[in-house]
Structures are given as structure tokens and as C-alpha cells.
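I have placed the structure first, in the form of C-alpha cells, so that the comments after it can refer back to it.
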Amino acid sequence: MDADVFVIGSGPSGVQAAIHAARKKMAVVVAGKPSYSSMAGTEIENYFGVGPRSGDDILAEGISQAKSFGAVFLGQNVVSASAEGGRFVFVVEDGTQISAKSVIIATGVSRKALGIPGEKALFGKGVSYCAVCDCNFYKGRKVVLVGNDSEAAVSAEMMTKYASETHWAAWDMSADESLVRKASEAGVIMHGSKPKAIEGDGKVERLVLEDGTIVPTDGVFIELGAKSSADIAMDIGVMPEIDDSIKVGADCSTEVPGVFACGDVTGKPWQVAKAVGQGCVAGTAAADYVRKAA
């Protein structure tokens, strides 16, 4: 699938970016699940001209607007990203490949935690939230991937190329079946129970599951959502800040030509008003970039 502008994230910034890019007659494709937006399941009361209203309703209306201008919504998360031959190439959960001239990163910045004993204390000592970032540290060692979504599946398969033994704990599986199959065929050992605690003396030594299973391990990779903004940014040549935010210019451009970012991923304040405003700027700037590059 070819696109002029590929938007990663279907929250308020990504949807607004899609609206503005599509209105400029760009072929716009949007990846991401609205339910993953921090706006989902909330009530918005501090956005200009909008009284207390469901965030889900606002998102749905915005997506409808973007579609009316021609934007295509995939409803799937990105599982891989790369820059090839002057274009940006992405793959989503069902294997669909998107080749784009310009990219807008609007994924947000949250990394979901398990909230179990040992997770915080052993962070950086075997607990990681980014398999892509830390895989090289675990060559020839035992690891466990934790998560139910496709990103966990992709990370589990990837870790089989580094680790001596790769486990995957998924208690409410929602990953694409083809990705689960690939992980299994690569030798990933599956566990159908939720983690209860991460234990170790100064470093990760084992993961305890709710069904009583104890998995000896050197590392626990927690992948509870979509591919993070930091992961995607680095895959296409953008280096995130120390806090995983992405530095942008006044036009929401990054250090890599053709790559733009907007919304929470660019830093505080994490507010709908800022997200929508930057979405407008990023969508317009990305469309202008494509037109000039043509």
C-alpha cells in the first residue's frame, strides 16, 4: 500500500494531522487503535468550545471527518518500521506493508507497567520496556516477554535470535494469530498465566506467574501495548530525547527530512488542545513536504 503521508497513532493529534493532510489532497493512511489513545474512556471538559463530553465520541467524530476527506484508517498497530530508498516502510499487524513519502509520529509516550512487586526495583537490572532497545544485552541468556498484544509477539520472535531461551507470558491473548504462530515456530515457550512478581537479588533472576509457575530468567521485557514512539523513531533514524520524547521544530519536523511528530510524544503539556494544534501543523507540514519533494 502506497501513501503520501502515513500517520502513526489515531488519538487527537494523529486524527487532526490526517484531516489536514487529506484536505490537501494527500493519500493519507493512519495506523493505530483509537482505544489505545489516552483520550479513550475519558471525559473532556477543558477543550475550547466543548463542554463535558466523552473522549470516545470526540475521537469517533474526528475519525469520521478524516475519512470524509479520504484518509484510510487501518485500525492496527505498527510492528516494524524502516527507511528504504528515500521512502519509509512500515508493516502492521496483519502483515500489510505501507510505503510512504512522509511520516507523522503521533503515538503518545506512555509505557504501560504491570504494577507487580519487583518491577520498579529491578528496572534497568533486568526489567526492560523495550526489547528492540536492549536485545543485544541478552545474547545467550534467558528472557521472558510479557504482554498480550502483537508487539509482544513480534518482540518474542525477535528475541529468539539473541537469547538462549525465550519465554512469553500472555494471559489474555489479543495478538494477531499469524504473529503468534511465527513466535511459536521460532521456538518461543508460551505461558498462559499473568505475572505475579519479578524476583532477584539486585538483578532479575525469575518471574513468578499467578498459576504458580516460576520461570528462571535474566531479563523480563514488558510489552503491554503498541510499538512505542521511541522504537518507531529510532527505526527510521530519529533519535528520541532521554525521556523518549521527540524534539521538533516549529513546523513539527524532526531531524530526519519527511518525518514529523505531534501530540504527547513531543513533550508536555499532555493536553488535547496542544495535541490537536500540533496535529494541524504536522499534517499541513507533511503535505507541503510531499508536494515540494515531488
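The values are calculated or read from the model by the stated rules, or taken from the named source; none is laboratory data. Bear in mind that the values here come from a model prediction, so they are computed numbers and not experimental data. Reconstructed Cβ throughout: ideal geometry from the backbone, glycine too, with neighbour counts over all protein chains shown. These accessible areas exclude ligands, DNA and RNA; they are computed on the full protein's heavy atoms, side chains included. Shrake-Rupley method; radii C 1.70, N 1.55, O 1.52, S 1.80 Å.
Which of the residues belonging to segment 214-246 are open to solvent by 50 Å² or more (accessible area, probe 1.4 Å), among the β-branched types (Val, Ile, Thr) and assigned to a loop (DSSP other than H, G, I, E, B)? Across segment 214-246, the qualifying residue is only Ile242. A Cβ distance below 6 Å, combined with a sequence gap of six or more or placement on separate chains, defines the contacts here; from segment 269-293, residues that are free of Cβ contacts under 8 Å to residues at least 60 places away in the same chain reach residues that are open to solvent by less than 50 Å² (accessible area, probe 1.4 Å) in the pairs Val281/Cys252; Ala285/Cys252; Ala285/Phe260.
Any chance segment 160-177 includes a residue that's assigned to a helix (DSSP H, G or I), open to solvent by 10 Å² or more (accessible area, probe 1.4 Å) and small (Gly, Ala, Ser)? No, segment 160-177 contains no residue that is assigned to a helix (DSSP H, G or I), open to solvent by 10 Å² or more (accessible area, probe 1.4 Å) and small (Gly, Ala, Ser). Check Ala113, Ala100, Ala81, Ala106 and return the single one that is more than 16 Å from the chain's Cα centre (by Cα) and hydrophobic (A, V, I, L, M, F, W, C). The match here is Ala100. Considering (1) open to solvent by 10 Å² or more (accessible area, probe 1.4 Å); (2) under 15 Å from Ser155 (Cβ atoms); (3) aliphatic (A, V, I, L, M), the lone condition that Val208 does not fulfil carries the number (2). Here the condition is being in contact (Cβ under 8 Å) with a residue 60 or more places away in the chain and farther than 22 Å from Ile116 by Cα; of Arg141, Arg181, it holds for Arg141 alone. Across segment 247-270, the qualifying residues are those that are more than 19 Å from Tyr289 (Cα to Cα), of a type outside the set (Ser, Thr, Tyr) and in contact with a helix residue (DSSP H, G or I) (Cβ under 9 Å, 6 or more places away or on another chain), and the one among them that is most open to solvent (accessible area, probe 1.4 Å) is Lys268. Within segment 155-190, the set of residues being polar (S, T, N, Q) and within 23 Å of Leu209 (Cα to Cα) comprises Ser155, Thr160, Ser164, Thr166, Ser174, Ser184.
The number of residues in segment 281-294 being surrounded by fewer than 17 Cβ atoms within 10 Å (Cβ to Cβ) and not aliphatic (A, V, I, L, M) comes to 3.
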